[in-house]
Every structure is written in C-alpha cells, then in structure tokens.
1. Working only within the stretch 106-131, note down all residues that are hydrophobic (A, V, I, L, M, F, W, C), open to solvent by less than 40 Å² (accessible area, probe 1.4 Å) and in contact (Cβ under 8 Å) with a residue 24 or more places away in the chain.
2. Here are the criteria: (1) assigned to a loop (DSSP other than H, G, I, E, B); (2) within 18 Å of L46 (Cα to Cα). Tell me which single one G251 does not satisfy.
3. Restricting to the stretch 266-286, give me the number of residues that are more than 20 Å from the chain's Cα centre (by Cα) and either hydroxyl-bearing (S, T, Y) or assigned to a loop (DSSP other than H, G, I, E, B) (or both).
4. Counting just the residues of the stretch 141-151 that are surrounded by 16 or more Cβ atoms within 10 Å (Cβ to Cβ) and either in contact with a strand residue (DSSP E or B) (Cβ under 8 Å, 6 or more places away or on another chain) or not small (G, A, S) (or both), which one comes out nearest to A174 (Cα to Cα)?
5. Determine whether the stretch 229-237 contains at least one residue that is assigned to a loop (DSSP other than H, G, I, E, B) and open to solvent by 60 Å² or more (accessible area, probe 1.4 Å).
6. May I ask you to list pairs of residues, at least six apart or on different chains, whose Cβ atoms are under 9 Å apart, with the first in the stretch 259-280 being more than 9 Å from A83 (Cβ to Cβ) and the second being open to solvent by 20 Å² or more (accessible area, probe 1.4 Å) and of a type in the set (K, R)?
7. Which residue out of R224, R159 is basic (K, R) and over 18 Å from the mean Cα position of the chain (by Cα)?
8. Taking M182 and the conditions (1) open to solvent by less than 30 Å² (accessible area, probe 1.4 Å); (2) in contact (Cβ under 8 Å) with a residue 60 or more places away in the chain, which numbered condition does it fall short on, given that it satisfies the others?
Amino acid sequence: MPATTTTAPPNEPPRRRKRRRDDTRLALVFIAMASIGLVTFYVVPLVRGIVLSFQQWDLLSEPRFVGLDNYTRMLADPVFWNAVKVTLQYVVINIGVQTVVALGIAVLMQRLATSTFWRSIVLAPYLVSNVVAAILFLWILDFQLGIGTTILEWFGLGRIPFLTSEAWAIPTIAMINVWRHMGYTALLLFAGLQTIPPILYEAARVDGASEWQMFRSITLPVLRPILGMVLIVSIIGSFQVFDTVSVTTNGGPVDASRVLQLYIYENAFAQFDFGYASALSVALLLILLVVTVIQYRVTRAGQTDLK
C-alpha cells in the first residue's frame, strides 16, 4: 500500500503577521502638550502684546484705548531710533565675528580635532549663563582694577575704557557674546559639515585642489542651507540682547549701548508704560520678520547644492 503524504491545501490563508503597534494616540498626546505650551507662552502673550500696543496702561488703572498714539510717539522718539541704530551695530559686529570664528573652529574640528574632549572645551563657554559671563568680563575689563586693562598697560598699550567709552561699549559687549556663543554655533556648523560626503573632498584632492579651494568650492556651497539657518537663529537672538548690556553698561554711556530690548524693558518696568513698551515690542517683531525673510531669500536657506 503506497505511503500517503499530506500537503497543505493550496488555498490556505497565510499566517497572520503580528500587528504593528499604532502610536498615533501617543503622538497626539505629545503634540497636544507641545501645542498647549506654544499657545500659552507664545501665542497668547503675542496677541496680548499687540492689543496692548493700542492702549495706555500703567498697571494701576484700567487700560485705555489710544489707537495709534503709541506708534506715532515711537516714530517721533529719538531714543527709539538711537536704540535701533545701536542694536543694528551690535548685530553686525556680533554676527560677523561670531560666524567667521565659529566656521573656522568647525572646519578645524572636522579636519584636526577629532577628540570629543576638544569639542567639549569649545562648548564650555556656552554653559556659562549670560549674566555670569557679563559679571566676569565686567571685572576683567574694569578700567581701574581689571586684570585685562592691567595686562594692556604692562604691554605699553595703556588702559582702554572698554565699557565706559561710547566708541568701545558696543564692540566690547559684542565680543563678550561672541566668546560665549561661538562654541555652540561652531558645533551646529560642525554637524552640518558631517553631512558633506567625503568623496567630494577625495575627488578634489585627486584634481590637485588646495584646502582653500575645497573650502570655497565644496564646503561653503554645500553648507549654505545650514549656515543660512544658523545665521537666521543667531540674528534673531542678537536682536534680543539684554542681560549682557544690563549687567555691564545698563545702556550707557550716554545711550551708547541702549539696545532696543533694554529700552523696551525700561519703558515697561521702570516707567510702567506698558502700552508704549508693547508698541516697541511689536516694532521689534516686525524688524525681525523683515530681516528673517530677506536673509532667508538671500541665503537660499531652503535649497541645497548637494545633489
């Protein structure tokens, strides 16, 4: 009697695969939490500030609608225009020096310093708060007792009034913030450098390109989108400089370092003119929007040369 073999029916359905867990509900929970924070701490204060800019309010009386009076006053305020000029001067110095130095550090970290230790050293100043950094340099650069001015005198350069001179105040504050932020900016650019395929540099070396030629023809074009976004974030932060100025010069001497953010603070919490301070804040918001849009288009931050 021949042996019989059992075979599975041809129409037997395949085994059920294990269903993947649906994380949609969990994702919605996290999105909802972030959205609540965004609305509570950003959207509501923004709308409240815009509404308040059309009112006069001193915290003690009821807000009174004044229409465009705050904006008319702002356009005729010489202190406001001086604050805008001083802020622009700070931004140009800070961003210009910081970007060049940070880009140089990022390239050096990619080419030479592969150790995590050196990257930690570069980031160390960023771990110091703005207030602590400002107090530190306030001591170092003090005209009479500062170790920095004393060293300059040893070298025969004389003592320089870094924080008490109209000519030196803003450049000095800018350099303080360059020291603190250049490591963080360098690490952001260094992360962007890691996305550049090494084969591009290898091909350039085979063609006899120098380091400068590779930097100009490969690094800068491919890094441009990341560099553009870093510049946008850095410029927005620079326009809002406050604590370093408040600790070191408090706007002096003679309004030489009275940046826009400090002027807004003084109107709100020193003079209790919250309506005018809100109008100044709206003006700062508009300036940032215009600068961001122009810079985004000029740097073409949304496009890449990496094919």
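1. The answer is A106, V107, M109, V122.
2. The failed condition is (2).
3. 6
4. Filtering first and then ranking leaves L141.
5. Taking every residue of the stretch 229-237 in turn, none turns out to be assigned to a loop (DSSP other than H, G, I, E, B) and open to solvent by 60 Å² or more (accessible area, probe 1.4 Å).
6. Going by the 9 Å Cβ cut-off, the qualifying pairs are E266/R258; G275/R64; Y276/R73; S278/R48; A279/R73.
7. Selected residue: R159, the only one of R224, R159 that is basic (K, R) and over 18 Å from the mean Cα position of the chain (by Cα).
8. M182 satisfies every listed condition except (1).
The values are calculated or read from the model by the stated rules, or taken from the named source; none is laboratory data. All values reported here derive from a predicted model rather than from experimental measurement. A quick note on method: Cβ atoms are made from the backbone with ideal geometry, for glycine too, and the neighbour counts reach across all protein chains shown. Note: accessible area is taken over every heavy atom of the protein model, side chains too, but ligands, DNA and RNA are not part of it. Shrake-Rupley method; radii C 1.70, N 1.55, O 1.52, S 1.80 Å.
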